[in-house]
Amino acid sequence: MLPLSLLKAAQSHPMLVELKNGETYNGHLVSCDSWMNINLRDVICTSKDGDRFWRMPECYIRGSTIKYLRIPDEVIDMVKEDALAKVRNRTEMNKGRAGGGGQGNVQNQNQRNRGGNRNNSNNRNMQGSASASGGVRQFSQNNRSAMQQNKLGK
Amino acid sequence: MASTLEQYINHTVSIITADGRNFIGTLKGFDQTINIILDESHERVFSTTSGIEQIVLGLHIIRGDNIAVIGQIDETIDSRLDFANIRGEPLGPVVH
């Protein structure tokens, strides 16, 4: 499991962030990125010596200034669920690719073919950006076929 | 002898951080910058006047920048230690 996946799974959960300068920030995680930059809401900042406090509605912390993050214990189980869901999605897509039976699969292949007939370079871009997660990919395919149908309608 | 952290996954490890603290916990994950997921972790605070104090912390992500040493703990030896009677100077921070 990757630390940044765990952090992503901790979105909307409360956490404690200690910075390298010793200050701590308690708040709810709004968002994070691949550099560990994070966005907190309803924050209480504590000075290094622990005797001064500041309340702020939100703050943004540069990832490189972080020493560690303390996260609720239950979040680690939610990552496992995420990973399982991804694997399940992928195997289902592979079944679709192997093709053959099932109306759902046939439909799926049709969408893929239509997308391929369109603009080739554009198509490649969309697939590249969507390949991060099965869910997003599925979405982009649906989106694409919706766009196609719009075209056909006109 | 482990050549990557992969072999420490799901084992108890001791992490010494750049500020001289010692975290113990189960290694659940890591990445290319040695950011670490430490589950069921606690901190051991050394003192010359009283025994080792263990502070329960829970689930942690420790940023790789802040990590100095990672070592696997032999749980059978560790469980035999009498922390209340071990004295020691606390570590200082890493000096650059």
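The values are calculated or read from the model by the stated rules, or taken from the named source; none is laboratory data. A quick note: this is a predicted structure, and the numbers were derived from the prediction, not measured. Please note: Cβ atoms are built from the backbone with ideal geometry, for glycine as well, and neighbour counts cover all protein chains shown. Ligands, DNA and RNA are stripped out before the accessible areas are found, and what is left, the full protein with its side chains, is counted by its heavy atoms. Shrake-Rupley method; radii C 1.70, N 1.55, O 1.52, S 1.80 Å.
Out of all the residues in the range B:3-24, which are at positive phi and touching a strand residue (DSSP E or B) at 6+ places or on another chain (Cβ under 8 Å)?
Step one: list which residues in the range B:3-24 are at positive phi, which gives B:10, B:20.
Once the filter is applied, which keeps residues that are at positive phi and touching a strand residue (DSSP E or B) at 6+ places or on another chain (Cβ under 8 Å), the range B:3-24 yields only B:10.
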Please determine whether any residue of the range B:10-18 is under 17 Å from residue A:19 (Cα atoms), over 9 Å from the mean Cα position of the chain (by Cα) and either facing chain A (nearest Cβ under 9 Å) or among the β-branched types (Val, Ile, Thr) (or both). yes
Return yes or no: is residue B:20 open to solvent by less than 20 Å² (accessible area, probe 1.4 Å) and assigned to a loop (DSSP other than H, G, I, E, B)? yes
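From the set of residues in the range B:48-60 that are within 13 Å of another protein chain (Cβ to nearest Cβ) and either buried (at least 17 other Cβ atoms within 10 Å of the Cβ) or not aliphatic (A, V, I, L, M) (or both), which is farthest from residue A:5 (Cα to Cα)?
B:57
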Identify, please: which residue in the range B:61-86 is part of a helix (DSSP H, G or I) and touching a Gly at 6+ places or on another chain (Cβ under 9 Å) and is, among those, surrounded by the most Cβ atoms within 10 Å (Cβ to Cβ)? B:83
Over the range B:28-47, the set of residues closer than 19 Å to residue A:10 by Cα and either more than 14 Å from the chain's Cα centre (by Cα) or more than 10 Å from chain A (Cβ to nearest Cβ) (or both) is B:29, B:30, B:31
